[in-house]
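A short worksheet on the structure shown next.
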Amino acid sequence: MEDEKVVIKNVRVEYITTKTDKFNNETCYFKLKDKNIDNKFAVLINEGYNKPWFKTDKGHYILKVKTKYTKLKELKKEETILTDIAFKYYKMGESEGFYVSLLG
């Protein structure tokens with residue numbers, strides 16, 4: 001499973017904001033705008049791994065991406081972008097899943 005990479009093409013995302021955590025990592029947040037998220041991301045969902053997105057109480061899916069992994073320049077709030085997303089597998093102790101290794 002190591003070095004496994006999954007690329008999902010033509011994903012509609014809306015930029016929401018960028019935040020800096022206590023370790024000085026910048027993270028961008030995007031709303032996943034595709035209506036068929038479960039189908040498009042099935043390869044990641046079916047495995048039961050940790051995923052770099054979460055579902056809000058309003059039913060929206062929010063994708064978390066470290067700024068260093070995004071190729072998008074000059075992000076504008078509420079701008080919808082069609083992009084490809086590359087996910088890379090990780091395993092740390094008991095925890096395993098995917099993180100976004102490239103958005104853009």
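Every number in this text was worked out from the coordinates using simple rules, so none of it is lab data. These numbers were taken from a predicted model, which means no experiment stands behind them. Reconstructed Cβ throughout: ideal geometry from the backbone, glycine too, with neighbour counts over all protein chains shown.
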For the stretch 25-53: of the residues being of a type in the set (D, E, K, R) and free of Cβ contacts under 8 Å to residues at least 12 places away in the same chain, which is nearest to GLU79 (Cα to Cα)? LYS35
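Among what's in the stretch 49-68 and is closer than 20 Å to ASP21 by Cβ and over 10 Å from the mean Cα position of the chain (by Cα), pick the residue that is surrounded by the most Cβ atoms within 10 Å (Cβ to Cβ).
The first filter runs over the stretch 49-68 and keeps only residues closer than 20 Å to ASP21 by Cβ, leaving 50-54, 56, 62-68.
The next check asks that each one be over 10 Å from the mean Cα position of the chain (by Cα); those that pass are 50, 56, 67-68.
Working: ASN50: 12, THR56: 9, THR67: 15, LYS68: 8.
Filtering first and then ranking leaves THR67.
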Residue list for the stretch 1-19, filter: surrounded by 12 or more Cβ atoms within 10 Å (Cβ to Cβ), of a type outside the set (Val, Ile, Thr) and either touching a residue at least 24 places away in the same chain (Cβ under 8 Å) or under 19 Å from ASP84 (Cα atoms) (or both): ARG12, GLU14, TYR15
Only residues that are surrounded by fewer than 17 Cβ atoms within 10 Å (Cβ to Cβ) and in a loop (DSSP other than H, G, I, E, B): list them for the stretch 27-46, please. LYS33, ASP34, LYS35, ASN36, ASN46
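If only one of LYS22, LYS77 is of a type in the set (D, E, K, R), surrounded by fewer than 15 Cβ atoms within 10 Å (Cβ to Cβ) and without any contact (Cβ under 8 Å) to a residue 12 or more places away in the chain, which one is it? Spell out how you get there, then give the answer.
On the way: LYS77 fails: without any contact (Cβ under 8 Å) to a residue 12 or more places away in the chain.
After applying the criteria, what remains is LYS22.
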Would you tally the residues in the stretch 3-25 being acidic (Asp, Glu) and either under 14 Å from the mean Cα position of the chain (by Cα) or more than 17 Å from LEU102 (Cα to Cα) (or both)? 2
